[in-house]
Amino acid sequence: MIDLHDVSKVYQIGEERVHALDHVTLHIFPKEFVSVIGPSGSGKSTLMNIIGCLDVADAGTYRLDGIPIEDYSEKQLARVRNQKIGFIFQNFNLIAKLSAEENVELPLVYRGVRPAERARRVAAALERVGLSNRAKHLPTELSGGQQQRVAIGRALMSAPAVVLADEPTGNLDSKNSADIINLLRLYNKKYNQTLIVITHDEKIALQADRIIGIEDGRISRDEVTNV
């Protein structure tokens, strides 16, 4: 499904050229639960941005479902993001003025889904993440774990083929972290979604079926776990 070959990304910072990704070749298969682990500045966020079509590589090829997308226009990339990819972020990225159900509903609004169908699907999504009784609450009225559950409900609302979670437990305590990873694993197994978790935490990484390590913009580790 996800096929990167000899992908590089270079940033110009002042007079210095920084190789955020340096000739990366990587294959991630459908339905896999993969963690990408590395220290700050290792290139893992750049890798996520390219896989998620938020950025494009300077060199190399990226095929998603067999289709090369490195030359896509921004409009085409936006369509791929909307139709195939769900994003979950460390800071939740919820809209403060919208309730939990309104935040979850957003992807369906952008897709032009009819109100009655949106309401049905939002209610089902909130039930799946255990927040039916918090549907009308604003993000500020929810705990960190609850906010992340709303973000997960929103990301999975359109049944994306790929879910990208960028440090999804970074702002949570250990119990909520475990709950969130278990919830993501449930979706991965039950709905056959490819799950990629970006993290710097070895304990979180070990929850995946496969660990990909990245250092200095290069793949340093690729191993199957015993999960």
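The values are calculated or read from the model by the stated rules, or taken from the named source; none is laboratory data. Note that the coordinates shown come from a computational prediction; the quantities given were computed from them, not determined experimentally. Areas reflect the complete protein model, heavy atoms only, side chains present, ligands, DNA and RNA absent. Shrake-Rupley method; radii C 1.70, N 1.55, O 1.52, S 1.80 Å.
Karplus-based coupling profile of the range 6-18, in residue order and whole Hz: 6, 7, 10, 9, 10, 10, 9, 10, x, 9, 9, 9, 9, with θ = phi - 60° in 6.51 cos²θ - 1.76 cosθ + 1.60 and x standing for Gly or Pro. A straight Cα-to-Cα reach below 26 Å connects residue 190 with the lysines 31, 84, 175, 203, residues fewer than 8 places away in its own chain not being considered.
The per residue volume of the convex hull around the alpha-carbon atoms of the range 1-120 is 157 Å³. Give me the percent of Cα-Cα pairs in the range 163-218 that sit more than 16 Å apart, rounded to a whole number. Pairs farther apart than 16 Å: 41 percent. Extent along the principal axes, Cα only, for the chain: 49, 38, 37 Å, with the longest axis given first.
Calculated from the alpha-carbon coordinates, the range 71-116 shows an Rg and a Dmax of 12.7, 38 Å respectively. Per-residue ellipticity at 222 nm from helix content only, as computed over the chain with -39500 (n - 2.57) for each DSSP H run of at least four residues, stands at -10500 deg cm²/dmol.
Taken one residue at a time, the phi angles of the range 166-181 give Karplus couplings (6.51, -1.76, 1.60, θ = phi - 60°) of 9, 6, x, 10, x, 9, 10, 6, 5, 5, 5, 4, 4, 4, 5, 5 Hz. Gly and Pro are set to x. Taking the Kirkwood radius as Rh and the Cα radius of gyration as Rg, the range 82-201 has a ratio of Rg/Rh equal to 0.93. First compute the accessible area of the chain with a 1.4 Å probe, then give the percent of it belonging to carbon and sulfur atoms. Within the chain, the accessible surface is 49 percent carbon and sulfur.
Taking all protein chains together and rolling a 1.4 Å probe, residue 191 ends up with roughly 100 Å² accessible.
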